[in-house]
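Everything below concerns the one structure shown next.
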Amino acid sequence: MPLFSHTHRSSSSLPTSYESYSSKLLKPLKPSSAPPTSRFPLPILVFSLLCFLFGLSATIFAVYSLRRPIPVPSFRCGRSEDTFRAFYSTSSSRKLGDRGALVERPKLLGFVGIQTVFGSVDRRAALRSTWFPSDPDGLLRLEQATGLAFRFVIGRSKNSKKMVEHHEEVEKYKDFMFIDLEEEYLKLPYKSLAFFKAASELFDADYYVKADDAIYLRPDRLATLLAKERTHSLTYIGCMKKGPVITDPKMKWYEKSGHLIGSEYFLHAYGPIFVLSAEVVASLATARNNSLRMFSNEDVTIGSWMLAMNVHHEDNRALCDPRCTPTSIAVWDIPKCSGLCNPARRLKELHKTSMCSKSPTLPPDDR
């Protein structure tokens, strides 16, 4: 028997644990089922996509805004609205130099409100064909030349047809100031108060002028009058008058509250045109509507407020001249009519005369 024997074991005789271990070593690795890690995490991709969409929408909106017609803005305070300020703001950049931005309350020598109603289309047309500018450029030039801003002043109406028809005129001329009041003849004292309140809110003027649409006016001479130096800060300028109080209901100018006044009116200005200084208007603007006495007639109502405020009454007959003269400021048929009789016709007749429309601002002796 040999001392050494070589015993050959078959592979089957290897231990099971060894066999399984070897097979694991020799077995090829399967590719992993998990996807490889991305270079850009998902939150970053989502954020980038949102930023892209936001930028795209902003670009589209900007292009649309530039291509769409720019609406005509109106400067307003509450329900009071200045339709001319839209033109003022868009044209000022090319005409007013550094003052191109819209001024909240433009500084003026005077603001002139031409009181009108919806049915006075012919009067406004006559005015625009005479002394009142017929386009926004002319209105702006007049303001720059005299320091006076002019607007037609009108209230509102519950009649939608009237408002629609009037809107066409507003869009064409842009020379109106709307006030927060329903237009009605019996409410003239209320309209005057609403006018002064709105004018004070929209314009920073030294003087505020209330004028009717039935007078022929010389803006250059009105500016000269307002530019005069005065020692009284509370000033009331107009053609002053007195007269008997009308207590008969059947008569014109009937005063319902005449018993509070007496037999004769106090000193007050005729209604077609008068002027109040800035401090007077500021006091009226802060007053509550129901805190002021309202008489039947507008001129009497204003005069009563002036008595209570201790203003200086400045009588100037050039504001109520019955004919054009070298010194007339406002021409109307006093005392026959409250303004010009048949104003649509008379305005054009007066404007054709050289004394009315072409005479110098100041007479030769005063220059």
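If I go through region 332-355 residue by residue, how many of them are in contact with a helix residue (DSSP H, G or I) (Cβ under 6 Å, 6 or more places away or on another chain) and within 15 Å of Leu319 (Cβ to Cβ)? Residues in region 332-355 being in contact with a helix residue (DSSP H, G or I) (Cβ under 6 Å, 6 or more places away or on another chain) and within 15 Å of Leu319 (Cβ to Cβ): 2 in total. Checked against the criterion of being on the phi < 0 side of the Ramachandran plot, touching an Asp or Glu at 6+ places or on another chain (Cβ under 9 Å), modelled with pLDDT of 95 or more and polar (S, T, N, Q), region 227-239 contains one or more residues that satisfy it. Against the conditions (1) within 28 Å of the chain's Cα centre (by Cα); (2) in contact (Cβ under 8 Å) with a residue 60 or more places away in the chain, Phe295 satisfies every one except (1).
Among the candidates Leu193, Leu181, Leu234, the residue that is open to solvent by 10 Å² or more (accessible area, probe 1.4 Å) and either of a type in the set (Gly, Ala, Ser) or under 19 Å from Ser80 (Cα atoms) (or both) is uniquely Leu181.
Within region 248-258, the set of residues being in contact with a Phe, Trp or Tyr (Cβ under 7 Å, 6 or more places away or on another chain) and among the hydroxyl-bearing types (Ser, Thr, Tyr) comprises Ser257 only. For region 282-321, a residue qualifies if it is part of a helix (DSSP H, G or I) and in contact with a Pro (Cβ under 7 Å, 6 or more places away or on another chain), and the qualifying residues are Glu298, Thr301. One residue alone among Glu349, Glu279 is part of a helix (DSSP H, G or I), over 28 Å from His232 (Cβ atoms), among the acidic types (Asp, Glu) and open to solvent by 20 Å² or more (accessible area, probe 1.4 Å), and that residue is Glu349. All conditions in (1) modelled with pLDDT of 85 or more; (2) outside any loop (DSSP other than H, G, I, E, B); (3) more than 22 Å from Leu193 (Cα to Cα) hold for Thr130, with the sole exception of (2). Cys356 passes every criterion in (1) open to solvent by less than 70 Å² (accessible area, probe 1.4 Å); (2) out of contact with any strand residue (DSSP E or B) (no Cβ under 7 Å at 6 or more places or on another chain) apart from (2).
The values are calculated or read from the model by the stated rules, or taken from the named source; none is laboratory data. No experiment lies behind these values; they were computed from the predicted model shown. Cβ sites come from the backbone with ideal geometry, for glycine too, and all protein chains shown count toward neighbours. To get the accessible areas, we keep the full protein, side chains included, count just its heavy atoms, and leave off ligands, DNA and RNA. Shrake-Rupley method; radii C 1.70, N 1.55, O 1.52, S 1.80 Å.
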